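Have a look at the structure below before the remarks.
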Amino acid sequence: MGSIHAAAAKLGLGTASICALLLAAAVFQFLCLDAASTRRFTISASTVAEGQLYRIVTSSFLHGGLLHLGMNVASTAAISGALERSAGTVRLLAITLWAVPLAGLVSCALSLLLTFVTRDESFARQHALGFSGVIFALAACEAARGGGRRSVFGIVEVPARLYPWALLVAMQVVIPNVSFVGHLGGLVVGSLEVTGWLAVALPSASAAAAVDARCAQLPGYVLVGDAYEVRAASGAGDILSVARHVVGFFVKLLGLARAASAARQRAARCLRGRQSPPPAPAGASVEV
């Protein structure tokens, strides 16, 4: 019991609970499910479209092996712990509760969109599993409320707000067989929460305060932080701002920043050349 209290106090009660749930689900999976049985609970757009909605939830708590499980538990402990310290336990659990089904639904929608655009049904039939989609949603929530710059695998530093997007691309390049659509679905859900579109699904300030009053004495319980604010959705301004930053990051990542800068400079020189008056004859006056 003392070790459980120590883990809750160190990680935060909400983070420790999520990690414990992932480990318990892994024990059940590795003891009771073989590969064929596990596939019955993974997520794909085609199976969800057929009405097997339970996969949206069950797929998040299954993993492809011990390495996959270990990476997700470690990432959850780091990212969820940081978010819990700023948001509080009750808000962290509420965000996670909604992120599990919404990340799955958004990833299925993206897969169906890719299938429609490319006419390739493999996108809809591809199965995925793991807690990574939820982790990316939590990462988007945590990074948006952090400042400064963050390192991606110790290779490049990016603004904190862009860190989850940079991590999305880096993981796709470095780690094989990761679900880009699943991770992107989690990022979309996290971005919706950051911009306030999911505020109606989160506990109000009064409800959070009531829970805090009842649970404040629990080991590792974190009160709702003053630095955490669920902003009301301000419309297209927030979405366009996020899109502008994301596009700018991909331009830099693909090495197009210099080309774009050179093109802007050429355009500016051309514009100045057109606007400047022709040289005056010698001895003539020029009106300014």
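No value in this document is a laboratory result; all are computed from the given coordinates. None of the values given here were measured: they were computed from a predicted structure. With ideal geometry, Cβ positions are generated from the backbone for all residues, glycine too; neighbour counts draw on all protein chains shown.
A few points about this structure:
- With K and R counted +1 and D and E -1, the other residues having a Cβ less than 11 Å from that of THR115 yield a net charge of 0.
- Extension gain for ASP34 to ALA109 (0.36 nm times residue separation, less C-alpha to C-alpha distance): 24.2 nm.
- The stretch 111-216: chymotrypsin sites (Phe, Trp or Tyr not before Pro) in DSSP loop, at most 13 other beta carbons within 10 Å: PHE153
- Per the Kirkwood formula applied to alpha carbons, the stretch 9-233 shows a radius of gyration over Rh ratio, Rg over Rh, of 0.97.
- Two-site FRET efficiency, VAL117 against ALA201, from Cβ-Cβ distance with R₀ of 35 Å, rounded to 0.05: 0.75
- Extension gain, ALA209 back to GLN172 (0.36 nm per residue minus Cα-Cα distance, nm): 9.3 nm
- Taking other Cβ atoms within 10 Å as a rough exposure proxy, GLU157, GLU84 sort from fewest to most as GLU157, GLU84.
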